[in-house]
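Heads up, the thing below is written out as structure tokens.
The values are calculated or read from the model by the stated rules, or taken from the named source; none is laboratory data. Computed from a prediction, not measured in an experiment: that's the story for all the values here. Please note: Cβ atoms are built from the backbone with ideal geometry, for glycine as well, and neighbour counts cover all protein chains shown.
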Amino acid sequence: MQKTTGAVGRMRQRSIIVAVVIALLAAVAPTSFAAPSRLNASGKVVVRIMDGNNGLEPTNGGVAGRGRFTARGAITERGTVITYRWVKGSLPGGLITLRSVAVGTKGTITFVVKIDTSAGTSRWTVASGTRAYKNLHGHGTERENADYTVSTLTGTVSR
């Protein structure tokens with residue numbers, strides 16, 4: 001009988017030790033080893049969109065191009081992009097709106113570029129973001145290469 005009580009006592013001690021170790025690990029371990037769901041993005045950013053305009057010139061919101069993007073600075077990301085294009089008024093002199101949906105590994109960012117062809121200005125804003133980019137705000141200027149296949153967004157982002 002004494003032998004059984006000793007074995008039961010040792011098992012009970014081991015169970016308590018295991019429970020304490022698990023509780024300590026749970027207290028100090030992060031809840032997830034995955035990437036954080038949000039970034040603390042704030043500051044200057046440069047986003048380069050390649051082939052967002054593949055020479056297509058829809059005026060009604062159709063797809064202008066499918067390509068790739070990279071971002072560096074306050075946001076470091078890369079992935080695919082689809083750009084949609086609208087034109088209001090006649091060109092030159094009208095307003096071109098580009099909506100580029102950039103899908104990266106940490107989430108999606110939608111950039112809207114307004115090109116005022118009469119004033120010669122081109123400005124962008126962050127329209128929305130998902131996952132790590134939820135509640136992201138941003139704005140700046142946009143410039144393009146000669147054949148409009150590379151668009152560079154320069155500006156700032158914040159939460």
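Annotations
- Once the stretch 65-75 is narrowed to residues that are farther than 17 Å from TRP124 by Cα and surrounded by 15 or more Cβ atoms within 10 Å (Cβ to Cβ), the residue that is nearest to the chain's Cα centre (by Cα) is GLY67.
- Flag: LEU25 does not match the condition of being modelled with pLDDT under 95, in the same structural domain as ALA132 (by TED's automatic domain parsing) and of a type in the set (A, V, I, L, M, F, W, C).
- Of the residues making up the stretch 105-128, those that are among the small types (Gly, Ala, Ser) and either in contact with a Ser or Thr (Cβ under 8 Å, 6 or more places away or on another chain) or surrounded by 15 or more Cβ atoms within 10 Å (Cβ to Cβ) (or both) are GLY107, SER122, ALA127, SER128.
- Residue count for the stretch 31-57 satisfying the condition of being at pLDDT 95 or above, touching a Lys or Arg at 6+ places or on another chain (Cβ under 7 Å) and not aliphatic (A, V, I, L, M): 0.
- So ARG78, is it modelled with pLDDT of 95 or more, basic (Lys, Arg), in contact with a Phe, Trp or Tyr (Cβ under 8 Å, 6 or more places away or on another chain) and surrounded by fewer than 16 Cβ atoms within 10 Å (Cβ to Cβ): yes
- Filtered residues of the stretch 50-94 (kept if of a type in the set (D, E, K, R) and in contact (Cβ under 8 Å) with a residue 40 or more places away in the chain): ASP51
- Subset of the stretch 72-104 that is in contact with a Leu (Cβ under 8 Å, 6 or more places away or on another chain) and outside any strand (DSSP E or B) - its residue that is farthest from VAL47 (Cα to Cα): GLY89
- The stretch 129-143, subset within 29 Å of GLU57 (Cβ to Cβ) and without any contact (Cβ under 8 Å) to a residue 60 or more places away in the chain, residue surrounded by the most Cβ atoms within 10 Å (Cβ to Cβ): GLY129
- Residues in the stretch 92-104 that are among the hydrophobic types (A, V, I, L, M, F, W, C) and either more than 18 Å from MET50 (Cβ to Cβ) or buried (at least 17 other Cβ atoms within 10 Å of the Cβ) (or both): LEU95, ILE96, LEU98, VAL101, ALA102.
- Every condition in (1) part of a strand (DSSP E or B); (2) under 19 Å from THR70 (Cβ atoms); (3) of a type in the set (A, V, I, L, M, F, W, C) is met by ALA132 except one, and the failing one is (1).
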